[in-house]
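Scroll down for the structure; my scribbles are underneath it.
The values are calculated or read from the model by the stated rules, or taken from the named source; none is laboratory data. Since the model is a prediction, treat every value here as computed from it, not as a measurement. Virtual Cβ from ideal backbone geometry, glycine too; neighbours counted across all protein chains shown.
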Amino acid sequence: MLASFGVCLCLAACAGYRGGWESVPYIGDPPRALQEYRTPFEAHQRAEIELPGLNLGVGINNRTRTHDTQVYLYALPLSIDPRNVQVEAVESGKTRITLRISKTDGAWVFRPRAAKLIVSGQAVKATEGYEFGMWDALGQRVAHGGNWAHRPVGDSLTLSDSARTYLLSIEFSLLAPSPQEAGIALDLSEALRATGQPAIPLIRFHPMRWREGYT
């Protein structure tokens with residue numbers, strides 16, 4: 001019996017969970033079937049939007065953690081952190097939208113400064129766009145031997161390689177909106193275009209609680 005108690009204690013000691021609020025992207029009607037608890041895979045999937053000519057993953061750097069509960073090994077005391085903490089590190093006064101673009105059909109062109117972020121009815125134009133990748137000393141994209149970094153793309157970037165997944169981001173000069181805000185939208189209709197493909201519809205963000213376990 002003591003042995004069984006010890007096993008249960010160790011299992012409990014490895015438990016923990018954290019959670020908070022996030023903004024989930026959608027087009028059309030708000031999502032209805034999302035669960036608060038999600039795995040990293042589910043978190044990745046709920047950010048994906050399938051569109052004509054490409055798959056688009058969208059994120060906004062406003063996810064917050066409102067609780068963090070841990071039980072340490074060997075039954076050390078329970079740790080509870082009730083603080084509100086912004087999960088993604090951001091520069092003060094900036095909002096960054098991340099885009100994960102794959103399965104491109106056609107020559108899509110990314111013009112980041114044409115993007116608009118709408119918060120509570122007010123639209124703000126983007127200031128800069130970036131591509132995340134590995135770069136050599138000359139600023140050329142390489143598969144190995146370089147440094148991982150976000151590189152400014154300037155006025156435009158052609159997404160010509162249909163086999164690649166492009167990791168892009170757009171920066172706006174405003175404070176990251178609260179993930180509990182229902183009036184957040186992203187307009188990419190002029191910022192991401194391809195000949196022969198329809199304009200990308202307005203992307204809205206749904207306030208959603210998240211919760212995940214860890215060991």
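Scan the range 18-46 for residues that are in a strand (DSSP E or B), within 15 Å of residue 186 (Cα to Cα) and not β-branched (Val, Ile, Thr) and the total you get is 3. Of the residues making up the range 112-126, those that are surrounded by 13 or more Cβ atoms within 10 Å (Cβ to Cβ) and either without any contact (Cβ under 8 Å) to a residue 12 or more places away in the chain or not aliphatic (A, V, I, L, M) (or both) are 112, 113, 116, 125. The listed residues are 190, 171, and the only one of them that is of a type in the set (Asp, Glu), at pLDDT 95 or above and under 19 Å from residue 91 (Cα atoms) turns out to be 171. Residues in the range 47-65 that are part of a strand (DSSP E or B) and among the aliphatic types (A, V, I, L, M) were compared, and the one that is surrounded by the most Cβ atoms within 10 Å (Cβ to Cβ) is 60. Taking first residues from the range 21-42 that are within 21 Å of residue 99 (Cβ to Cβ) and partners that are of a type in the set (Phe, Trp, Tyr) and exposed (fewer than 10 other Cβ atoms within 10 Å of the Cβ), no Cβ contact under 8 Å between residues at least 6 apart in sequence or on separate chains turns up.
The numbered conditions (1) under 18 Å from residue 100 (Cβ atoms); (2) free of Cβ contacts under 8 Å to residues at least 24 places away in the same chain; (3) in contact with an Asp or Glu (Cβ under 9 Å, 6 or more places away or on another chain) are all true for residue 149 except (3).
The sole residue among 138, 157, 202, 174 that is hydrophobic (A, V, I, L, M, F, W, C), surrounded by fewer than 16 Cβ atoms within 10 Å (Cβ to Cβ) and over 20 Å from the mean Cα position of the chain (by Cα) is 138.
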